[in-house]
1. Enter the angle in degrees (range 0 to 90, nearest 10) between the Cα long axis of helix 15-27 and the first principal axis of the Cα atoms of the chain, meaning the one along which they spread out most.
2. Just the number, please: Stokes-Einstein D of the chain in µm²/s, Kirkwood Rh from C-alpha pairs, 37 °C, 0.692 mPa s.
3. Taking θ = phi - 60°, what integer Hz values does the Karplus form 6.51 cos²θ - 1.76 cosθ + 1.60 yield along segment 145-160, in sequence order, with x for Gly and Pro?
4. Under a 1.4 angstrom probe, counting protein chains only, how are Ile6, Ile139 ranked by accessible area, largest first?
5. Restricting to the chain, what percent of DSSP beta bridges are antiparallel, rounded to 5?
6. Below 8 Å between Cα atoms, with a sequence gap of 6+, how large is the relative contact order for the chain in percent?
7. In whole Å, what is the distance between the alpha-carbon centres of segment 5-46 and segment 96-172?
8. Out of the GluC sites (Glu not before Pro) in segment 120-181, which ones are loop residues according to DSSP with at most 16 other C-beta atoms within 10 Å?
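The values are calculated or read from the model by the stated rules, or taken from the named source; none is laboratory data. Keep in mind that what you see is a predicted model, and the values were worked out from it rather than measured. Because the Cβ atoms are built from the backbone with ideal geometry, glycine has one as well, and the counts that use them run over all protein chains shown. Areas reflect the complete protein model, heavy atoms only, side chains present, ligands, DNA and RNA absent. Shrake-Rupley method; radii C 1.70, N 1.55, O 1.52, S 1.80 Å.
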Amino acid sequence: MKLLGISGALRRESTNTKLIREAARLFEPSEFRLADLRLPLYDGDLEEESQKNGGLPAPIVKLCEDIAWADAVVFSTPEYNKAPPGVFKNALDWVSRAKPQPLIDKPVAVLSASAGGAGGQRAKSTAYLNLIPFKVRLITDPEVNLGGSMNKFDDSGRLTDEMAEKLTGELMAALKQAVAA
């Protein structure tokens, strides 16, 4: 099974990216890719200009190809001002413009990691709403909201929080089961 990770954080030492890597380890995919969300801001004029030149901008095409390639997708989002960051929503706005739509019927799980105690729970709930128009097969149980995330990984990026690792493993098992269904 091929797994794509999409982190809503761009920071090199992002705990959301670390959490996705741990989710991938627990999923045990045959192949894993981590998407790059360093994308241009969605702009209808840029989209129109790109379409005249044969399609969407190259970074968007790559993201859509990665989504289409994957059997399942795992997102992880930080919480900025009680919502996912702009890079998360921007990526979805661009992906929504792709034909054919690569996310339709794709098994998807969403994790969140945040410095705050709630672990990005509100951002994750908003992420669920952002994914509904894509008609994904959203796996929501168990929830993984990693609060105080800066202190939950060792130097090699492995989770040190046993409960978080257990819940992440259970969520990845449910995602894997959705792929097999």
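1. Once rounded, the angle reads 80 degrees.
2. On the way: Rh = 16.3 Å.
Rounded, D is 201 µm²/s.
3. 10, 8, x, x, 4, 5, 10, 10, 10, 7, 5, 8, x, 8, 4, 9
4. Ile139, Ile6
5. Among the beta bridges of the chain, antiparallel pairing accounts for roughly 10 percent.
6. About 25 percent, as a whole number.
7. Result: 11 Å between the Cα centres.
8. For GluC sites (Glu not before Pro) across segment 120-181 that sit outside H, G, I, E and B with at most 16 neighbouring Cβ atoms in 10 Å, the list reads Glu143.
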